[in-house]
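For reference, the structure is listed below as C-alpha cells.
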Amino acid sequence: MGRATIGLVLLVFVVYVAFMIARPMPPGTEPVSYYEVDLTLWTDSDWARVTAPGMRYLSWTQHDAEGLTPLCGWDGTRLLLDQSFQDEGDVHPKAVTLRYAVAPGMITRPLTITCERGDWGSSRVTATVRSATGTVGTLGTLHDRLIPDDARNTVSSTLDLAPLLVGQRQEARIARLDIEKRVLAFYYPWYSVEDWESAYLRDTPAIPYNSGDPVAIARHIAQAQGAGIDGFISSWWGPEDMTDHNLARLLDIAEERQFLVTVNFETLAGPDDTALDRQTIVDWLAYLIETYGEHPAFMHYDGRPVVFIWLSFDVPLCTWAEILETLRARELELYAVGYGWTASLDVFDALHEYGLNGYPDMARLYGIVSPHPRHHALVSPGSVPRPWIASTQAGYDDTLLPGRPGYVQPRNGGDYYRSTWEGALSSDPDWVLVTTWNEWWEHTHIEPSVTYSTTYTTITRQYADRWRATDP
C-alpha cells in the first residue's frame, strides 16, 4: 500500500472518529446505565408481605402476577399477597414479581429483606439479576417458621446481589419530556364567612370570604397569578356537594383570566371518612369528566383532563385498574395522578405527594424519588415518559383541631417553605405543587393573611420566576 493510500485511510479514520465524537445525540434523550433486578414473592400462606426498605431504584413495574388475586397493596419497596382460605388444606400458591431498573451505585451493600406471613404454609423471596438476554443468577430466602409471640411471624434476612451484578450493566437512552412548566396550588372551596370566627384557626385571610362568592374567587385567582401560580387543584367531594357547585364557578372565572383548574378527587368521602367503593368512584369520575372535562379552563395533559387522586392507596391498586379500564371502555379518558411518589405507574399516569411533614432533607428525598417517572420505560417497554411532580409546603399545625394527634411543622419565618422549594428545584421538576393556597385548618396556607400578610405569595413568586428562568 502506498504512502498516499495510507495517508488517505488515516485521514478517513480521523474524520470518522471526530464525527462519532461530535455527532449530536437524539433530541430530547439522555443516556442511562442500569441493572435489571427482579424481586419475587411466592407464598401458599393466607397472606404474606415483603418489605425492602433499602431498595433504591430508578423505576419499577409489576412484571408478573402468577395466579394473583391479592389486595394489590404494593409500591416500589413492598409486595403484598392476601387471599382467603377456608382451611389450611385449601391452598392456592400465589406469586408476584416487581422488576427494577437499578443505577450503578444504588446497591452498595446486601439488601435487607423483611418477610411477614400468616400461620399457614410458607413464603419464599427471590432476587434475580437479568441481562439483556435473560437471567444471570438468583438468590433466595425461605420463610417457613412460626415466630413465638409475633402475630406477623416476622423474619429478616439479607441478599448480597453485588457478585451477580458484575458485568451485567445495561445501557439505554431515555426520552425527556418537552413540557410546559406549571405551578399548581391545592385549593379548598369549602369556607363560609362564619368559619373565620372559629377558635380552631391560628390565622385568617386578610379578607374573609365565602368560597362561593365570585368576587372572592376572582381575587384568589388574581393573587395566585401574581404569585406565579398557573392553576388550582380544587378539593372535590362529589356531585352536588358544595365543592362541586363552587368548582363550576371557579372554572368559569378561571376561563376569563386564562387560569387553569383541576381537582383533587377526595377518595375518603365515604361514611366516617372511609374510602369510596368502586362503583361510586366510577360514577363520580364519569360525572366529573362528562360535566367539566371539556371546559376550557380544566387542565389537560396528553389530551386528557388531569385529575389528582387523594390517598389513592386507600383503594386497592387492582380496583383502580378496573375503574380506569371501565371509564376507558365508556370512552371517558382522564390523566390520573396517583398519590405517593413510589406508587405504580402501571396503573396511574403520574404521581404526586401532598404533605412533606417530617422530611429533614428535601433535596436528598427528591434525588431518591424523582427518577421513577422519568425512567419507567426501562422496566416497561413502550411506556411513555411521565412528568416528575415535586411538592412544596409552607408549614403545618393541627394542634387546635379536635381529635388530631397534634403535629407542628414550624414555618420558621418562611425558611421552611424556601427549603422545600430549594429541594424541589434541585430535582428539575416538570410541575411544582404548592401545599396549599388556603387549607386554613391545618395551617398550610400561603394565601395573604392577617398574620403573614403577603410573605408567602412573595416567596412563591421569587421561586417560580427563578424556576422558569432556567428554561432553555
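Each value in this text was obtained by applying a stated rule to the coordinates, not by laboratory testing. These numbers come from a predicted model, not from an experiment. Methodologically, a virtual Cβ is constructed for each residue, glycine included, from the backbone with ideal geometry; neighbour enumeration extends over all protein chains shown.
Side notes on the structure shown:
- The ranking of His245, His352 from fewest to most other beta carbons within 10 Å of each one's beta carbon is His245, His352.
- Packing, as the average of other Cβ atoms within 10 Å across residues, places the peptides 289-300, 39-50 in the order 39-50, 289-300, highest first.
- Maximal additional length on extending the Arg466-Ser131 stretch stands at 116.4 nm, based on 0.36 nm per residue less the C-alpha distance.
- Thr326/Ser453 FRET efficiency (R0 41 Å; Cβ-Cβ; nearest 0.05): 0.30
- Charge sum, other residues only, whose C-beta stays under 10 Å from Pro214's C-beta, Lys/Arg counted +1 and Asp/Glu -1: 0
- Cβ-based net charge around Ser427, under 11 Å, with every Lys or Arg adding one and every Asp or Glu removing one: -1
- DSSP bridge analysis restricted to the chain gives an antiparallel fraction near 65%, rounded to the nearest 5.
- Electrostatic bookkeeping for Tyr100 treats Lys and Arg as +1 and Asp and Glu as -1; over the other residues with beta carbon under 11 Å from its beta carbon, the sum is +1.
- Each label point was placed 7 Å from the Cα along the Cα-to-Cβ direction; for Gln279 and Arg109 their separation is 5.2 nm.
- Note on the chain: Kirkwood hydrodynamic radius from all Cα pairs is 24.8 Å, rounded to one decimal.
- Charge dipole (the chain, unit charges on Cβ, about Cα centre) - positive-most of Leu79, Thr51, Gln462: Gln462
- Backbone N under 20 Å from the Ala199 label point (7 Å along Cα→Cβ), restricted to segment 430-459: 440-443
- Peptides 277-284, 120-127, 371-378, ordered by how many other C-beta atoms sit within 10 Å of their residues on average, highest first, read 371-378, 120-127, 277-284.
- Segment 177-468: relative contact order in percent, alpha carbon pairs under 8 Å with at least 6 residues between: 22 percent
- Extension gain, Ser383 to Ala363: 0.36 nm times the residue separation minus the Cα-Cα distance gives 4.5 nm.
- Nearest-20 debye value, the chain charge dipole, Cβ charges on Lys, Arg, Asp, Glu: 2580 debye
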